[in-house]
1. Taking region 17-44 only, how many residues are aromatic (Phe, Trp, Tyr) and at pLDDT 85 or above?
2. Can you name every residue in region 45-69 that is at pLDDT 70 or above and surrounded by 10 or more Cβ atoms within 10 Å (Cβ to Cβ)?
3. Under 7 Å by Cβ, and 6 or more places apart or on different chains, what pairs join a residue from region 54-65 that is under 20 Å from Pro22 (Cβ atoms) and part of a loop (DSSP other than H, G, I, E, B) with one that is of a type in the set (Ser, Thr, Tyr) and at pLDDT below 85?
4. So the check is Cβ under 9 Å with 6+ separation or different chains; which pairs have a first residue in region 1-29 that's part of a loop (DSSP other than H, G, I, E, B) and a second one that's charged (D, E, K, R) and surrounded by 16 or more Cβ atoms within 10 Å (Cβ to Cβ)?
5. Could you list all residues from region 1-44 that are exposed (fewer than 12 other Cβ atoms within 10 Å of the Cβ), among the acidic types (Asp, Glu) and more than 18 Å from Pro63 (Cα to Cα)?
6. Which of the numbered conditions does Gly14 fail, given that it passes all the others? Conditions: (1) at positive phi; (2) at pLDDT 85 or above.
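The values are calculated or read from the model by the stated rules, or taken from the named source; none is laboratory data. Predicted model only: the values in this text are computed from it and were never measured. Counting neighbours? That spans all protein chains shown, and the Cβs are built from the backbone with ideal geometry, glycine included.
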Amino acid sequence: MTDWQKIETAPKDGTPILVFDPLVPLRPVCEAIMLSDGTYKDPTYSEWFSDTKATHWQPLPLPPISEGE
């Protein structure tokens, strides 16, 4: 896995990423997509977080490889 990067460098084309938002108390790290206007969305919710306080991001990790592959 790569290191956390500043949110300003996150892809804003709908690519799924992990974001770190220290102001989300129960889930500060979540999968999200960001748009060019700086809003982000956790795909498990229907709302966009326009007042984002996300500070860092990183690419999604690769899925685990099952035994026998």
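1. Residues in region 17-44 being aromatic (Phe, Trp, Tyr) and at pLDDT 85 or above: 1 in total.
2. Lys53, Ala54, Thr55, His56, Trp57, Gln58, Pro59, Leu60
3. Matching pairs, first to second residue: Ala54/Tyr40.
4. Pairs found: Val24/Asp42; Arg27/Asp21; Arg27/Asp42; Pro28/Asp21.
5. Hits for region 1-44 are Glu8, Asp13, Asp37.
6. (2)
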